[in-house]
Amino acid sequence: MTTLITLIVAAVTFGTVLMYGTLGEILTEKSGNLNLGVEGIMYMGGAFGLAGAFYYEKAAAAAASGPVAIVIAMLSAFAAGMAASAIYSFITVTLRANQNVTGLALSIFGTGIGQFVGEYMRVSEGGYVALGNNLKESFSASIFPDALVSIPVIGRVLFSHTVFFYLALLIAVLMYLFLKKTRYGLYLTAVGESPATSDAAGINITRYKYLATIIGGGISAIGGMVYIMTTAGCVWNHEGLSGVGWLAVALVIFCIWRPLNAIWGSVLFGAMMIMYLRVRIPFIPTELYKILPYIVTVIVLILTSMRNSRDKQPPASLGINYFREDR
C-alpha cells in the first residue's frame with residue numbers, strides 16, 4: 001500500500017507538468033492550429049519562470065515572499081509562452097505558412113532560447129542558479145493544513161499536492177465549461193471544425209485562432225515552470241524537460257481533445273513515465289517504460305479511428321491553413 005501511494009503521489013507530481021502542456025495544446029488545437037512547438041514553449045516557460053522567481057528573490061532579499069514568487073514565476077512563464085505562440089500565430093495564421101514546419105521550428109527555437117536563458121543565469125551567477133530554501137518550500141508545499149495531509153491514505157493521495165495541481169484542475173474544468181457551455185467556446189469549436197462556414201456566419205477566424213493559440217501557449221509554458229520548480233527542485237535543469245512537450249502532444253490525442261480527460265490522462269502518463277523508479281521489473285529495460293505512453297497513444301488512436309465516432313476525432317481543419325479566397 002505504501003508503494004502504491006508513493007507511486008500515485010509521484011505520478012500526480014509529474015502529471016501536473018503534463019496537464020498544463022496538454023490543456024494548452026487542447027485549446028490551441030480546438031481552433032484548428034496544430035502547434036508542434038510545445039516542447040520549445042515548455043523550455044521557455046521553465047527558464048523564464050525560474051528567472052522571474054530567482055531575480056525577484058535576489059532583489060527582495062530577506063523580504064521575499066513565497067506566494068509573490070509563485071505569481072511572478074507563473075506570469076513570467078505565461079508571458080514567455082504567449083510570446084512564442086504569438087510568433088507561431090503570425091507565421092501560420094497571417095502568413096499562412098505550413099503549420100507542421102513552423103511548429104517544429106518553434107520547438108527548436110524555444111528549446112534554444114530556454115537553454116540560453118538558463119545557461120546565461122548559471123554563468124552570470126557563478127555556475128549555480130537555485131532559489132533559497134524558504135521559497136523552495138513555498139513551491140513544493142501543500143496548500144492544505146497538516147491535519148488533512150496526515151489522514152491515512154486519503155491525506156497523501158488528495159491533499160499533499162502543490163498549488164499547481166489544484167490550479168490545473170480548475171483550468172481543466174473552466175476550459176470544459178468554456179468550450180461546451182459558452183457561446184464563445186462554441187464559436188471556437190466551430191472555427192476548428194469548419195473555418196469557411198464560421199467565416200460565412202460572421203465569426204472572426206483570425207481573432208479566435210490568435211487568442212486560442214496564444215493563451216494555449218501560455219498555459220503550456222506554465223507546465224515547464226512547474227517542472228523546474230517542483231520536480232527539479234527550483235534548479236535549472238535543461239535535460240529534465242527533454243521530451244515532455246512531445247509527451248503532452250501525444251496526451252492530447254490520448255485524451256481525444258477533451259479537457260476533463262486531461263486530468264486522469266496526465267496522471268496515468270505520469271505514472272507510466274516514473275514507474276521504472278518505483279516499480280522496477282528486472283527483465284524490462286528502462287527505455288521500454290519510457291515509451292509506454294506513446295504505445296498507449298497509438299493504440300487509442302487506432303481504436304478511435306476504427307470506431308469512426310465523430311466526437312472522438314480531431315477538429316476537422318486541424319493543421320490546415322484557412323484561405324478565405326478559396327471559400
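Over the chain, what relative contact order in percent results from Cα pairs under 8 Å that are six or more residues apart? Kindly include the intermediate steps, with their values, before the conclusion.
Values: 567 pairs, mean separation 122.5, N = 327.
After rounding, I find 37 percent.
With a 1.4 Å probe rolled over the protein heavy atoms of all chains, the accessible area of M225, M306, M275 falls in the order M306, M275, M225, largest first.
I need to check one value: relative contact order of segment 33-159, counting alpha carbon pairs closer than 8 Å and at least 6 residues apart, in percent.
Details: 138 pairs, mean separation 47.0, N = 127.
Dividing the mean separation by the residue count of segment 33-159 yields 37 percent.
Against the chain, whose longest principal axis comes from its Cα atoms, helix 99-124 is set at around 20 degrees.
Between E125 and V9, the C-beta separation translates, for a Förster distance of 30 Å, into a calculated FRET efficiency of about 0.40. Summary of the geometry: segment 79-122 and segment 1-19, compared by the centres of their Cα atoms, lie 30 Å apart. From the alpha carbon centroid of segment 236-290 to that of segment 130-178 is 20 Å.
The Cα atoms of segment 108-195 give a gyration tensor whose axes a ≥ b ≥ c have a/c of 1.5 or more with a/b no greater than b/c, which makes the shape oblate.
With Cβ to Cβ distances under 15 Å as the rule, what net charge do the other residues near T213 carry (K, R +1; D, E -1)? Present the calculation step by step, with values, prior to reporting the outcome.
On the way: positive: K30, R96, R207, K209; negative: E25, E29.
Taking every Cβ under 15 Å from that of T213, the sum is +2.
By a 1.4 Å probe calculation restricted to protein chains, M272 has an accessible surface near 20 Å², given to the nearest 10. Anisotropy class assigned to segment 1-134 is oblate, per the alpha carbon gyration tensor with a/c at or over the 1.5 cut-off and a/b no larger than b/c. Helix 2-30 axis versus longest C-alpha principal axis of the chain: approximately 30°, rounded to the nearest ten. In the chain the longest region clear of GluC sites (Glu not before Pro) that are loop-assigned by DSSP and have at most 16 other C-beta atoms within 10 Å covers 1-124.
Name the shape class, rounded, prolate or oblate, that the alpha-carbon gyration tensor gives for segment 192-321, where a ≥ b ≥ c are the square roots of its eigenvalues, rounded holds for a/c under 1.5, and otherwise prolate holds if a/b is larger than b/c and oblate otherwise. The shape class here is oblate. When all protein chains stay in place and ligands, DNA and RNA are ignored, the 1.4 Å accessible-area order of K136, K181, K58, largest first, is K181, K58, K136. Between the helical axis of 261-278 and the longest alpha-carbon principal axis of the chain there is an angle of about 40 degrees. Rolling a 1.4 Å probe over the protein heavy atoms leaves I108 with an accessible area of roughly 130 Å². Taken over the chain, the ratio of Cα radius of gyration to 2.2 N^0.38 Å equals 1.01.
The values are calculated or read from the model by the stated rules, or taken from the named source; none is laboratory data. Quantities reported herein were computed from a predicted structural model and do not represent experimental measurements. All Cβ positions, even for glycine, are placed from backbone atoms using ideal geometry, and neighbour counts span all protein chains on display. We work out accessible area using only protein heavy atoms, side chains counted, and drop any ligands, DNA or RNA first. Shrake-Rupley method; radii C 1.70, N 1.55, O 1.52, S 1.80 Å.
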